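Trainee: The structure that follows is given in the form of structure tokens.
The values are calculated or read from the model by the stated rules, or taken from the named source; none is laboratory data. Just so it is clear, the structure is predicted and the values come from calculations on it, not from any experiment. Cβ placement follows ideal geometry from the backbone for every residue including glycine, while neighbour counts extend to all protein chains displayed.
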Amino acid sequence: MAMNTGKVVVGGLVAGLVLNIGDFVINTMLLVADNAAFMTRLGLDPAAMESFAGMLPWIVIDFLMGLLIVWTYAAIRPRFGAGVSTAIIAGLIPFLGVTLILAGFTSMGVFTTSMFVKGSAAALVNTLIAAVAGAWVYTEA
């Protein structure tokens, strides 16, 4: 069967919305102290980071990540079958890629181990919820 491109886009937007909502909660509640310490340590301006211009790239990235997750789901669905377990696999693939890169930055001292572990755990939950939501929307052509 052919991949349903329209449903990939719609599912990706749903997944991206879930990722954006989750990231908002994670960064304004769970990691707020870690983020403040991170910005101070690197000499970043918190006002610039919290402005719309500072947030816009991350909003776009979450929507692109949602599209990537649902595209991955659509690509592996013929082999693994439709459903939650396939959606979880589709979400784990980009999550693990990003997490490995962030682990490298953590080993270089860019992120603290605590921030990396908390952020990765929260991102895992957020990504898997987004993957299931996006996959729920997707149907074959």
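Trainee: Of everything in the stretch 116-141, what is modelled with pLDDT under 95 and either surrounded by 14 or more Cβ atoms within 10 Å (Cβ to Cβ) or not small (Gly, Ala, Ser) (or both)? Give them in sequence order. Steps first, please.
Mentor: Keep residues of the stretch 116-141 that are modelled with pLDDT under 95, which gives 139-141.
Within the stretch 116-141, Thr139, Glu140 meet the criteria.
Trainee: Within the set of pairs 6+ apart or on separate chains, which have a first residue in the stretch 10-34 that is within 9 Å of Gly134 (Cα to Cα), a second that is among the charged types (D, E, K, R) and surrounded by 14 or more Cβ atoms within 10 Å (Cβ to Cβ), and C-beta atoms under 6 Å apart?
Mentor: Filtered contacts from the stretch 10-34: Gly16/Asp62.
Trainee: Is it the case, given these coordinates, that Ala82 is loosely packed, with under 14 Cβ neighbours inside 10 Å and among the aliphatic types (A, V, I, L, M)? Reasoning before the result, please.
Mentor: Working: loosely packed, with under 14 Cβ neighbours inside 10 Å: no; among the aliphatic types (A, V, I, L, M): yes.
Criteria not met by Ala82.
Trainee: Only helices (runs of 4 or more DSSP H) wholly contained in the stretch 1-120 count here; list those with 3 or more residues that are closer than 16 Å to Thr139 by Cα and of a type outside the set (D, E, K, R). Walk me through it before giving the result.
Mentor: Numbers: elements: 5-25, 32-42, 46-50, 52-80, 84-107.
Qualifying helices (runs of 4 or more DSSP H): 5-25, 52-80, 84-107.
Trainee: Kindly check whether there is at least one residue in the stretch 91-111 that is over 17 Å from the mean Cα position of the chain (by Cα), buried (at least 16 other Cβ atoms within 10 Å of the Cβ) and at pLDDT 95 or above.
Mentor: Pass one, the stretch 91-111, residues over 17 Å from the mean Cα position of the chain (by Cα): 104-111.
Among the residues that remain, those that are also buried (at least 16 other Cβ atoms within 10 Å of the Cβ) are: 106, 111.
Checking which are at pLDDT 95 or above leaves us with 106.
Yes, that holds for at least one residue.
Trainee: Could you give every pair whose Cβ atoms fall below 6 Å, whose first residue belongs to the stretch 99-113 and is hydrophobic (A, V, I, L, M, F, W, C), and whose second residue is not in a helix (DSSP H, G or I), counting only separations of at least 6 or pairs across chains?
Mentor: Pairs that qualify, where the first residue is hydrophobic (A, V, I, L, M, F, W, C) and the partner is not in a helix (DSSP H, G or I), are Phe105/Phe111.
Trainee: Scan the stretch 42-71 and report the pairs whose first residue is at negative phi and whose second residue is aromatic (Phe, Trp, Tyr), with Cβ atoms within less than 8 Å and a gap of 6+ or a chain change.
Mentor: Once the first residue is at negative phi and sits in the stretch 42-71, its partners that are aromatic (Phe, Trp, Tyr) give Leu44/Phe38; Val70/Tyr138.
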